[in-house]
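As structure tokens, the structure follows; a few thoughts come after it.
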Amino acid sequence: MVIPAIDLRRGCCVRLVQGQSHRETVYSREPVKVAKGFEEAGAERIHVVDLDGAFTGEPGNLKIIEAITETVAVPVEVGGGIRDLETIEKVLAAGAAYAILGTAACENPELVEAACRRYPGRIIAGIDARDGRAAVRGWVDDTEMDALDLARRMVDLGVEEIIFTDIARDGMLTGPNIPALRKMTGAGAKIIASGGVAALDDIRAIGKLAELGVIGVIIGKALYSGRFTLEAAIEAAKAAGHSS
């Protein structure tokens with residue numbers, strides 16, 4: 001499954017390099033149109049990040065998220081600044097199929113457990129790692145927590161899907177970190193790969209991990225910068241036996 005990404009900041013569709021707020025490119029001022037285009041190109045799911053929420057801890061783009069979920073029929077997963085049950089409820093009420101917990105996954109296991117109990121199958125843990133260690137708060141802070149240990153803990157708390165991002169690769173178009181991805185499958189969750197995809201061969205390489213439990217790949221910058229089309233990416237994933 002190829003999952004195109006929409007990063008929202010001040011109502012626009014943007015991309016950041018390695019999550020750094022001062023390294024921003026605005027790709028569109030009409031994110032709803034971008035989402036519709038992704039659906040029309042064959043996306044089975046759309047990944048939306050509220051960057052304002054990630055940096056401030058308060059959701060800043062709920063109206064746009066709601067407009068996106070009202071416009072497309074495919075499931076939308078939403079992350080960014082979701083750090084309490086109230087915000088999870090707001091995001092799901094805005095039409096999101098899944099809520100992604102990042103910083104909260106690291107720092108608040110009680111929240112993860114409560115959320116998984118209340119919304120079974122709808123809570124995704126977003127684990128962002130730098131050199132194998134988890135990072136939090138929009139990647140500003142590194143922790144001493146091993147990313148695989150954190151993933152295993154999430155599974156114990158009821159999480160079924162994990163989005164794994166290698167920060168060093170994100171927005172850099174340098175290719176995904178396949179060894180790190182392979183290691184993360186040891187947690188026992190379904191894994192969605194994120195960060196670094198630059199070419200269709202990268203999608204094929206990730207596709208070969210499908211039997212280990214890698215169910216999808218999130219693609220952002222490569223699509224926006226025209227490296228390949230979403231249609232071609234979906235085709236490559238299917239050819240690699242990664243279309244589930």
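What to note about this one:
- Members of region 221-244 found to be under 14 Å from Arg45 (Cβ atoms), crowded, with 20+ Cβ neighbours inside 10 Å and either touching a Lys or Arg at 6+ places or on another chain (Cβ under 7 Å) or not aliphatic (A, V, I, L, M) (or both), listed by number: His242
- Listing of helices (runs of 4 or more DSSP H) fully contained in region 158-232 that carry 1 or more residues being touching a residue at least 60 places away in the same chain (Cβ under 8 Å) and among the aromatic types (Phe, Trp, Tyr): 221-224
- The residue that is surrounded by the fewest Cβ atoms within 10 Å (Cβ to Cβ), among those in region 145-202 that are at pLDDT below 95 and in contact with a Cys (Cβ under 9 Å, 6 or more places away or on another chain), is Met145.
- Condition check for Pro4 on (1) at pLDDT 95 or above; (2) more than 20 Å from Ile124 (Cα to Cα); (3) not β-branched (Val, Ile, Thr): one failure, at (2).
Conditions (1) modelled with pLDDT under 95; (2) farther than 18 Å from Asp7 by Cβ, marked per residue:
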position	(1), (2)
Gly37	no, no
Ala43	no, no
Val48	no, no
Lys63	no, no
Ala73	no, yes
Val76	no, no
Ile82	yes, no
Glu86	no, yes
Glu89	no, yes
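- Tallying residues that are hydroxyl-bearing (Ser, Thr, Tyr) and either modelled with pLDDT under 90 or more than 15 Å from Arg122 (Cα to Cα) (or both) within region 91-110 yields 1.
The values are calculated or read from the model by the stated rules, or taken from the named source; none is laboratory data. Here the structure is a predicted model, which means the values were calculated and not measured. When we count neighbours, we look across all protein chains shown, and the Cβ atoms used for this are built from the backbone with ideal geometry, even at glycine.
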